Amino acid sequence: MTNPAIAADGLRKSYGDKVVLDGVDLTVPEGTIFALLGPNGAGKTTAVKILSTLLSPDPASGEIHVGGHDLTADAQAVRAAIGVTGQFSAVDGLITGEENMLLMADLHHLSKREGRRVAAELLERFDLVEAAKKPASTYSGGMKRRLDIAMTLVGNPRIIFLDEPTTGLDPRSRHNMWQIIRELVSDGVTVFLTTQYLEEADELADRIAVLNDGKIAAQGTAEELKRLIPGGHVRLRFSDPAAYQDAASALREASRDDEALSLQIPSDGSQRELRSILDQLDSAGIEADELTVHTPDLDDVFFALTGTDPQPGQSSLPSQPSQPKEAVRR
Amino acid sequence: MSSLSLAVRDSSTMLRRNLLHARRYPSLTLNLLFTPVMLLLLFVYIFGDVMSAGIGGGGADRSEYIAYIVPGILMMTIGGTVVGTAVSVCNDMTEGIIARFRTMAIHRGSVIIGHVIGSVLQAVMSVVLVGAIAVAIGFRSTDATVLEWLAAFGLLVFFAMALTWVAVGMGLISPNAEAAGNNAMPMILLPLLSSTFVPVDAMPGWFQPIAEYQPFTPAIETLRGLLLGSEIGHNGWIAVAWCLALAVLGYFWSASKFNRDPK
């Protein structure tokens, strides 16, 4: 059992009366992806800023170790172990992508030759060779984000913080970014990322912590969290009242909606659970007109974990990752 | 790596970055040269005949007036350059890259030191450029020895460094580039209220103490004495004291502003 890459005990931060982080406990094992999930203003960025030595925690916080080093006592050692890609691009827009990379190499005290090699390698890996000689301010959002991460990787950090790495990216760039993050971990690096998107945490993270109002509302694997959330269900719709009645008696756990002739069965949407529902229907000889799988989204998570209804029309989930609502017609 | 060699290495990296910015985008630096050059030409060629009549007990010709105003114009050039420093420091602080620097295991002050050295180098280059224009329109130093030239150069560098530290602090407390430009305005306005264009004793009596003891006048009078052989008197010490005070004050001010938690 190795030491955790990040261990925070009672992380606190407040500005005057405004409490941003109210005693957050986090443990991130080495070589894993950890996602801090939460809506805007939950305190995600503040947590990243503190763990990456940018902000100091309140004195009332407990011990915080990053990369095995005490955050307050030995900040410089923490800095040597981490790489940070903030929410707002941390590239120097006035100089070219290549110059940004060489600047990082110089600041990591690589030799000229080594610096050039690392810069060229990373520019290649992040598909930035063509743009390398152009000023970074002319890059698209996705390119800037890639350059940003490439710069973070120059020092070969063991722990990488990514603050909302895909916010504002188009779907293709987002999937590219996911691929990049997965590759990082395959090299043994620990990744701490924040996101507003449950889908993203689900795709990437080994463990997820839901941060709401400065407190951890729930923590666990994606599966564990989903089990906490009652939002996931399978919905069966019928046009024939007789079939509806048969199905309702065959599927005991279903909740009924007699008006709409539809049944709602709690489910995580996994293939196994779907098959068992279909098997039950088949063996009873019933055919539903429509089957929809509803997987829990962040709105469900927040409704379930905090008991507050997300404001209508102001969903904490922007239009970006529409949660899959696959319809299977039979 | 020892902390000193770390400081030197990281600061020189940051200096290279700042000089790269200046080379890539020379317009900011060049724009700031416009004011002193314009004032030099304006006062020599447009107002010159009237102005020179008041210098040296009357009857001075245009070339004497050129000689009189050039030291002040050179100091004003430095004042203009550091306005650019305040703006570029402020711009830099609002960029995400500074947050990145703060999370790296580099010498913490290197960002600021890079700005200061870069700014002093730019000020020296600007002074050389404006000085060349002054020479082209007829400025000549009279009987300055090598030692006096060296002292003049040293004074310009020292003065530039002192104003730069103050300008860095101004850049750090400014929320945006416009505010930084406004906060640093005194750096261009003070030379107008100094002995640049007219001798202090030609000013209204109540204003003379202000004009005489503000930072620019002693520096200008000292430079004048070194290049043209006029009386320096106590101005030399006052100039050095101002430079020291501004540099130390600016340094501690900037350091405390830079080391606080970013917003």
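What follows is calculated from the coordinates using simple rules that are stated; it is not laboratory data. Remember, predicted model here, so these are calculated numbers, not experimental data. Please note: Cβ atoms are built from the backbone with ideal geometry, for glycine as well, and neighbour counts cover all protein chains shown.
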> Counting only residues 5 or more places away or on other chains, whose amide H sits under 5 Å from the amide H of A:A217 once H atoms are built in the peptide plane?
Replying inline: A:V210, A:L211, A:N212
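At a threshold of 8 angstrom on Cα-Cα distance, excluding pairs fewer than six apart, so keeping six or more, what relative contact order does region A:229-296 reach in percent?
Numbers: 109 pairs, mean separation 34.7, N = 68.
Worked out over region A:229-296, it gives 51 percent.
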>> About the Cα centre, and with charges only on the beta carbon of Lys, Arg (+1) and Asp, Glu (-1), how big is the dipole of chain B? Nearest 20 debye, please.
In response: 1260 debye
>> Mean-square fluctuation check for chain A, GNM, Cα pairs under 10 Å: which of A:I180, A:I277, A:I216 is largest?
In response: A:I277
> Using r as the Cβ-Cβ distance of B:L41 and A:S140, and R0 as 30 Å, what FRET efficiency do you calculate, to the nearest 0.05?
Replying inline: 0.05
> Which whole number gives the average count of other chain Cβ atoms within 10 Å of the Cβ atoms across peptide A:93-100?
Replying inline: 4
> Can you tell me the Rg and Dmax of the protein assembly as shown, counting just the alpha carbons, in angstroms?
Replying inline: 33.0, 119
> When the dipole is taken about the Cα centre of the protein assembly as shown, and only Lys, Arg (+1) and Asp, Glu (-1) are charged at their Cβ, what size is it in debye, to the nearest 20?
Replying inline: 1820 debye
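If you average 1/r across every pair of different Cα atoms in region A:4-227 and take the reciprocal, what Kirkwood value do you get, in Å?
One over the average 1/r among Cα pairs gives 17.8 Å for region A:4-227.
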> Using the Cα gyration tensor of region A:229-296, with a ≥ b ≥ c the square roots of its eigenvalues, what is the shape: rounded (a/c below 1.5), prolate (a/b larger than b/c) or oblate (neither)?
Replying inline: oblate
> Modelled label-to-label distance, B:E178 and A:D17, 7 Å Cα→beta-carbon offset: nm?
Replying inline: 3.2 nm
> Applying the Karplus parametrisation 6.51 cos²θ - 1.76 cosθ + 1.60 with θ = phi - 60° to the phi angles of region B:6-13, what ³J(HN,Hα) value in whole Hz is obtained for each residue in order, glycine and proline being reported as x?
Replying inline: 4, 4, 5, 5, 5, 5, 6, 4
>> Between region A:279-294 and region B:195-263, how far is it from one alpha carbon centroid to the other, in angstrom?
In response: 88 Å
> What FRET efficiency do you get for B:T94 and A:Q76 if R0 is 35 Å and r is their Cβ-Cβ distance, rounded to the nearest 0.05?
Replying inline: 0.90
> What whole number of Å gives the distance from the Cα centroid of region B:150-177 to the Cα centroid of region A:81-150?
Replying inline: 31 Å
> Can you give me the Cα centroid spacing of region A:58-72 and region B:11-49 in angstrom?
Replying inline: 47 Å
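Quick check on chain B: take the gyration tensor over C-alpha atoms, sort the square-rooted eigenvalues as a ≥ b ≥ c, and tell me if it's rounded (a/c under 1.5), prolate or oblate.
On the way: a/c = 2.03, a/b = 2.01, b/c = 1.01.
Because a/c hits 1.5 or more and a/b exceeds b/c, chain B counts as prolate.
Using the Cβ atoms and a cut-off under 14 Å, what net charge is assigned to the surroundings of B:G233, where Lys and Arg are +1 and Asp and Glu are -1? Each step should come with its number before you reach the end.
Working: positive: B:R224; negative: B:D201, B:E212, B:E221, B:E231.
Here the count lands on -3.
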> Once Lys and Arg get +1 and Asp and Glu get -1 on their Cβ, which of A:G269, A:M143, A:T45 lies farthest toward the positive end of the dipole of the protein assembly as shown?
Replying inline: A:M143
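At a Förster radius of 25 Å, what calculated FRET efficiency corresponds to the Cβ-Cβ distance of B:L30 and B:R62, to the nearest 0.05?
Details: r = 27 Å, r/R0 = 1.09.
Calculated transfer efficiency: 0.40.
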> What is the helix-to-structure angle for B:110-136, meaning the angle in degrees between its Cα long axis and the longest Cα principal axis of chain B, kept from 0 to 90 and rounded to the nearest 10?
Replying inline: 20 degrees
> Which whole-Hz couplings ³J(HN,Hα) result when phi for each residue of region A:38-48 is put into the Karplus expression 6.51 cos²θ - 1.76 cosθ + 1.60, θ = phi - 60°, listed in order with x for Gly and Pro?
Replying inline: x, x, 4, x, 6, x, 4, 5, 4, 4, 5
> Which value in nm describes the separation of the simple spin-label points at B:V8 and A:R125, placed 7 Å from the Cα toward the beta carbon?
Replying inline: 3.3 nm
> Which ³J(HN,Hα) values in Hz, rounded to whole numbers, follow from the phi angles of region B:163-176 under the Karplus curve 6.51 cos²θ - 1.76 cosθ + 1.60, where θ = phi - 60° and Gly and Pro get x?
Replying inline: 5, 4, 4, 5, 5, 4, x, 4, x, 5, 8, 8, x, 8
>> Modelling each spin label as a point 7 Å along the Cα-to-Cβ direction, I'd like the A:Q245/B:S256 distance in nm, to one decimal.
In response: 8.4 nm
